[in-house]
1. Test of understanding: among 6, 47, which residue is of a type in the set (Val, Ile, Thr), more than 22 Å from residue 141 (Cα to Cα) and under 18 Å from the mean Cα position of the chain (by Cα)?
2. When both residues are 6+ apart or on different chains and their Cβ atoms are under 6 Å apart, which pairs have a first residue that lies in region 75-99 and is assigned to a strand (DSSP E or B), and a second that is among the β-branched types (Val, Ile, Thr)?
3. Read through the list (1) surrounded by fewer than 11 Cβ atoms within 10 Å (Cβ to Cβ); (2) modelled with pLDDT of 95 or more, then give the number of the only condition that residue 105 fails.
4. Looking only at strands (runs of 3 or more DSSP E) that fall completely inside region 130-202, which ones have 1 or more residues that are touching an Asp or Glu at 6+ places or on another chain (Cβ under 8 Å) and under 18 Å from residue 92 (Cβ atoms)?
5. Modelled with pLDDT under 90, among the polar types (S, T, N, Q) and loosely packed, with under 12 Cβ neighbours inside 10 Å: does that describe residue 118?
6. Take residue 18 and decide whether it is within 23 Å of residue 189 (Cα to Cα), in a helix (DSSP H, G or I) and outside the structural domain of residue 153 (by TED's automatic domain parsing).
7. Can you confirm whether residue 9 is assigned to a helix (DSSP H, G or I) and out of contact with any Ser or Thr (no Cβ under 9 Å at 6 or more places or on another chain)?
8. Give me the residue from region 1-20 that is surrounded by 17 or more Cβ atoms within 10 Å (Cβ to Cβ) and in contact with a Phe, Trp or Tyr (Cβ under 9 Å, 6 or more places away or on another chain) and, out of that set, nearest to residue 179 (Cα to Cα).
Amino acid sequence: MTFAEVYTEIITRSGEGYDNYLDRAKEMFFKAISTILNSGEYDPTEVRLMSSRFTKNIGSTNFTDGRYDINRIWSDQAVPDVTLSPFYTHELFDARVELTPVAPENMRFSQVSIERLNSAHLISQLSIAAGIPELIWGFDYPDIRVNTITNTSFRCLATLSTHSIPRADIDEDSTPADRYMSYHFLIRAIEMAVNLLKTETE
């Protein structure tokens, strides 16, 4: 089933009065995919062709004022070329960043919300007092942000995991849906898209 056939199926299942909602059907289909993926209620094998992982070994010297632009994974320049990153070339349904410690070996890496990161000085001070270096970090696109109060040199493996489809394939109606998802997942997305279309156009 191509994407064009998927949109037609959503309109058909929605019943009378939806013939002119092709653009909305397309929007609801990809919204449904995003909703399912972010719910976590799916088998990873159903969407393995949507899954991508990007990694880069980075350290404290790569951060400027406690920030590392994640687009530098693909374009390591002072001002990275964002057009080379999947944030630009793909429709991202979800994105998860992880930092895995490399050095020093006893350093703890703790991810927190950006709001908590901005007030994490006390936690850092307690870690220093306990003799255990801790890197407190958060992600606020495009920056990986760290609390720099410890001033401890570190290295880590930065990993970005995504589920996405290239924008070029989304814009091409003849793209086969099974290039990126199983039939079972596709039907779930269609059914959810029908409900979303009806709900948002009532």
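The values are calculated or read from the model by the stated rules, or taken from the named source; none is laboratory data. All values reported here derive from a predicted model rather than from experimental measurement. Glycine also receives a Cβ, built like all others from the backbone with ideal geometry; neighbour counts cover every protein chain displayed.
1. Working: 6 fails: under 18 Å from the mean Cα position of the chain (by Cα).
None of the other options fit; the residue is 47.
2. As it stands, the answer is 91/165; 91/170; 92/162; 93/33; 95/162; 98/159, since those pairs meet every condition given.
3. Going through the list (1) surrounded by fewer than 11 Cβ atoms within 10 Å (Cβ to Cβ); (2) modelled with pLDDT of 95 or more, residue 105 breaks only (2).
4. Working: elements: 134-140, 143-146, 155-166.
Per the criteria, 143-146, 155-166.
5. On the way: modelled with pLDDT under 90: yes; among the polar types (S, T, N, Q): yes; loosely packed, with under 12 Cβ neighbours inside 10 Å: no.
Criteria not met by residue 118.
6. No: the conditions fail for residue 18.
7. yes
8. Taking region 1-20 as the starting set, the residues that turn out to be surrounded by 17 or more Cβ atoms within 10 Å (Cβ to Cβ) are 3, 6-7, 9-11, 14, 18.
Pick out the ones that are also in contact with a Phe, Trp or Tyr (Cβ under 9 Å, 6 or more places away or on another chain) and you get 3, 6-7, 10-11, 14.
Details: 3: 10, 6: 13, 7: 16, 10: 19, 11: 22, 14: 25 Å.
The residue in question is 3.
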